Each structure stands twice: as C-alpha cells, then as structure tokens.
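To start, the structure under review is shown below, and the notes come after it.
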Amino acid sequence: QVQLVESGGGLVQAGGSLRLSCAASGRTFGTRGTAWFRQAPGKEREFVTAISWSGISTSYADSVKGRFTISRDNAKNTVYLQMNFLKPEDTAVYYCAASSIRGYGSSRYDYDYWGQGTQVTVSS
C-alpha cells in the first residue's frame, strides 16, 4: 500500500511560482512511476506531468512544458512539482498519483494510488 500526501499549494499572482510536494508512505514508492494531475472546477481531471521510478524519464502536458518541472527524491519518498510562470488557467486542485509499475502513463487509469489534493489558485 502507498499513501500520498500533497502540500505546498496556495494563492499566487500570475507569473509567480509554487513548489508542490508529494510525500509517500510505503516501502515500494521508490519503484513506482509517479504523476501529477489537476482538476479545475467543472472540468475533468487532466494529466500534468509524470516521472519514472528512477527519475530519469519524464513527460509533460503541452500546456505546462517549459514552466513546470517534476523531480523525485526516493531517499525521502517525495516527488516535487516546481511550477514557474504560473497562469490563471493553472488554477486547480493538484493531485499526486502513483502507479503499480516503474514507468508511467498519461491516463488517470494508469495510477492506483492518489493523494487528497492541494489547491493552487493563480490570480490575474
């Protein structure tokens, strides 16, 4: 079993930065692909970025490429999302998710474990 807890959300002005953290419990977290998704009010949950178990391979949604960076520290059982140049359209609840495999996908159905989410609000 893996339990995930997100933190680091908040209110920021457009153009600002935030760093989200996803702290995991469970000995197997370091062997799982991990992703960030987000869900804005009235919209479906969408893929943001993912990272392989080793941290070597990453993937980003086009909407965040060049602005967001995912990383992980398996010694600390933590995955990070550095978000720069934030835009009002980035406003959403951000969820951390862990897969059952070492790789990753861009579908929510690729992931078995989810955190409770952290709110990110970007004001214009």
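Packing here is the average count of other Cβ atoms within 10 Å per residue, and on that basis the peptides 105-111, 93-99, highest first, run 93-99, 105-111.
Taking 24 Å as the straight-line reach from the Cα of LYS43, the lysines in range (excluding those fewer than 8 positions away in the same chain) are LYS65, LYS87. Charging the Cβ of each Asp and Glu at -1 and of each Lys and Arg at +1, and nothing else, the dipole of the range 9-124 about its Cα centre rounds to 240 debye.
Each residue of the range 19-25 was assigned a 3J(HN,Hα) from its phi angle through the Karplus expression (A = 6.51, B = -1.76, C = 1.60, θ = phi - 60°), giving 10, 8, 10, 10, 9, 10, 10 Hz with x at Gly and Pro. Here the range 5-19 and the range 73-124 have alpha carbon centers that stand 12 Å from each other.
Accessible area per residue for the chain, computed on protein heavy atoms with a 1.4 Å probe, is 51 Å². Taken about its Cα centre, the range 29-69 carries a charge dipole of roughly 80 debye when the Cβ of each Lys and Arg holds +1 and the Cβ of each Asp and Glu holds -1.
Of the trypsin sites (Lys or Arg not before Pro) found in the range 31-79, those in coil by DSSP whose Cβ has at most 16 other Cβ atoms within 10 Å are LYS43, ARG45, LYS65, ARG67, LYS76. The per residue volume of the convex hull around the alpha-carbon atoms of the chain is 88 Å³. Taking only protein heavy atoms and a 1.4 Å probe, the accessible area of the chain is 48% carbon and sulfur.
The values are calculated or read from the model by the stated rules, or taken from the named source; none is laboratory data. Remember, it's a predicted structure, so these values are computed and weren't measured experimentally. Note that we place each Cβ from the backbone using ideal geometry, even for glycine, and neighbour counts take in every protein chain shown. Side chains included, ligands, DNA and RNA excluded: accessible areas come from the protein's heavy atoms. Shrake-Rupley method; radii C 1.70, N 1.55, O 1.52, S 1.80 Å.
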